[in-house]
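Engineer: I am attaching a structure below and will ask some questions about it afterwards.
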């Protein structure tokens, strides 16, 4: 006899006239809310939160990775985009990543690399940009001092990562990979096993003393010490000893880049996205295809809208894989990690910030001298030679991250993004359509079932109406799955939005993710 165990998770949207922050961890959300309550702006809160996430949510993002930030000024249409994503080491050699399959795979299923060296270990690491990006955003758009933004992360690293059931589960998923690297096992494992969550109100934490020392050094000497100072020299030595091609020169040469957001119009709504090697151009491509082929009715999402979504998303993905990349005609695609932060402050300034190590725990490598997990962003490159996004030294890979700002005549109206690898831009696309095409409020949109088109099979939520599933099945291979904590099948979004009247703002976190939280910038 087979027994099913289904459950329903729900969360309310939080509405406030004060600033709001939404992210995937309650400790980090509360730290960002404290910044807002003390008069900090949206950038101050986002940077403080991102730095703390590196400690309290280390399997998803961190200072050993990279990301994108979109900023919108309250009351105006001014927006800026900051690209602090990773870059391959200059000496990266495609010959180091031979394919194990003789076929070329297809656009949705790349062939594997021998020894998974593009997925795990030192050879999978690219030059991280998070420290430079977060510090640059703070210096140009924030009001806080760098050392103050670092303070919560330093305190958390010193006291240690709190182990509860969710932490224990996340570590257990990747324990075999972490066990391969002594410095990683020393922090995250107990006798080679994931730590068990304590019972009866006992406490267990995993201190990160080397990381605390690094962050204290950066607080004192400034963020460029990560790239040019004593920490950079020690990290380069660790990387070389492990087989990485990253050098001191690669670290010293890293600098994030400001840009103007790419702007697309969807049925009169201005959508601002990251330009270049992000999920942004593909999102706008999908919306252009959707607007040309389908118009929303007066009811709820139905089979026609679902079919239109799949066609638009699949064609956008097909174009993405064929054309986009560092060698493509226009200025990665696995994994279930990444952190997204959405913030609005009391003045209506908004930030959408996505930061990632790529896979869960990134490369699984903790650098012994720095105590930080490193990304595995070589996985973002197409391992097949001769493609627009093929592995290449000094190149930036094509990333999935897709922060978005919707902007109207009164300034930024919505900041949204998600975590979830290839699932990110399909999720953001559908949530935006739910709100813009069907007039859903944030809470309704976040609880509505979604589909995913990032593989050759269309994945649908088991809550999807049978008539919709039946229609999709006539056109595509379809797999129905339940939305669960793990594995993640439909991405993990967060968003903030400006509302008419009072309260002025609302925010929403993913209902199924157990730690995803919204916090308000209210004084204690």
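Please treat every number below as a calculation from the coordinates, not as lab data. This one's a predicted model, so the numbers in the text were calculated from it and none came from an experiment. FYI the Cβ positions are ideal-geometry reconstructions off the backbone, even for glycines, and counts take in every protein chain you see.
Engineer: Kindly put 372, 21 in sequence by how many other C-beta atoms sit within 10 Å of each C-beta, fewest to most. Spell out each step's value before the answer.
Structural biologist: On the way: 372 30, 21 34.
By the 10 Å Cβ count, ascending, the order reads 372, 21.
Engineer: Using only alpha carbon positions, build the gyration tensor of the stretch 164-206, then give the equivalent ellipsoid semi-axes as the square roots of 5 times its eigenvalues, largest first, whole angstrom.
Structural biologist: Working: eigenvalues 75, 21, 9 Å².
Taking √(5λ) for each eigenvalue gives 19, 10, 7 Å, largest first.
Engineer: Here are some values of mean projected area of the Cα convex hull in nm²: (i) 30.4; (ii) 24.1; (iii) 27.6. Which one was computed from this structure?
Structural biologist: (ii)
Engineer: Here's another thing I want to ask about it. Dividing the Cα convex hull volume of the stretch 108-267 by residue count, how many Å³ per residue is that?
Structural biologist: Values: hull volume 34.0 nm³, N = 160.
Per-residue hull volume (Cα only) is 212 Å³.
Engineer: Also, quick follow-up: Take the Cα coordinates of the stretch 92-187, assign each an equal point scatterer, and use the Debye formula without solvent to give log10 I(q)/I(0) at q = 0.17, 0.22 Å⁻¹.
Structural biologist: -1.04, -1.15
Engineer: For residue 318 and residue 172, FRET efficiency with R0 = 51 Å and r from the beta-carbon atoms, rounded to 0.05?
Structural biologist: Values: r = 36 Å, r/R0 = 0.71.
It comes out at approximately 0.90.
Engineer: Can you give the FRET efficiency to the nearest 0.05 for residue 101 and residue 475, using r as the Cβ-Cβ distance and R₀ = 25 Å?
Structural biologist: Working: r = 29 Å, r/R0 = 1.14.
Approximately 0.30, to the nearest 0.05.
Engineer: Say each of residue 347 and residue 457 gets a label point 7 Å from the Cα, pointing the same way as Cα to Cβ; how far apart are those two points in nm?
Structural biologist: 5.0 nm
Engineer: Counting other beta carbons within 10 Å of each Cβ, put 188, 181, 68, 476 in order, fewest first.
Structural biologist: Details: 188 27, 181 23, 68 32, 476 16.
So the residues, fewest neighbours to most, are 476, 181, 188, 68.
Engineer: For the stretch 298-453, treating each Cα as an identical point scatterer without solvent, what Debye log10 I(q)/I(0) comes out at q = 0.12, 0.14, 0.15, 0.20 1/Å?
Structural biologist: -0.64, -0.85, -0.95, -1.31
Engineer: So what's the back-of-envelope 222 nm ellipticity for the chain, counting only DSSP H runs of four-plus at -39500 (n - 2.57) apiece and dividing by all residues, rounded to 500? Before the final figure, lay out each step's value.
Structural biologist: Values: 16 runs with 171 residues, N = 524.
Roughly -10000 deg cm²/dmol at 222 nm, from the helical runs in the chain.
Engineer: Counting pairs of alpha carbon atoms under 8 Å apart in space and at least six apart in sequence, what relative contact order in percent does the stretch 371-512 give? Don't skip to the end; give the middle numbers.
Structural biologist: On the way: 207 pairs, mean separation 28.9, N = 142.
Contact order relative to length: 20 percent.
Engineer: Using a Förster distance of 41 angstrom, determine the FRET efficiency expected from the C-beta separation of residue 112 and residue 300, and round it to 0.05.
Structural biologist: Values: r = 41 Å, r/R0 = 1.01.
Plugging the Cβ-Cβ distance into 1/(1 + (r/R0)^6) gives 0.50.
Engineer: Next question. Using 0.36 nm per residue of separation minus the Cα-Cα distance, give me the extension gain between residue 257 and residue 205 in nm, one decimal. List each step's numbers first, then the result.
Structural biologist: Numbers: separation 52, 0.36 × 52 = 18.72 nm, distance 3.68 nm.
Here the answer is 15.0 nm.
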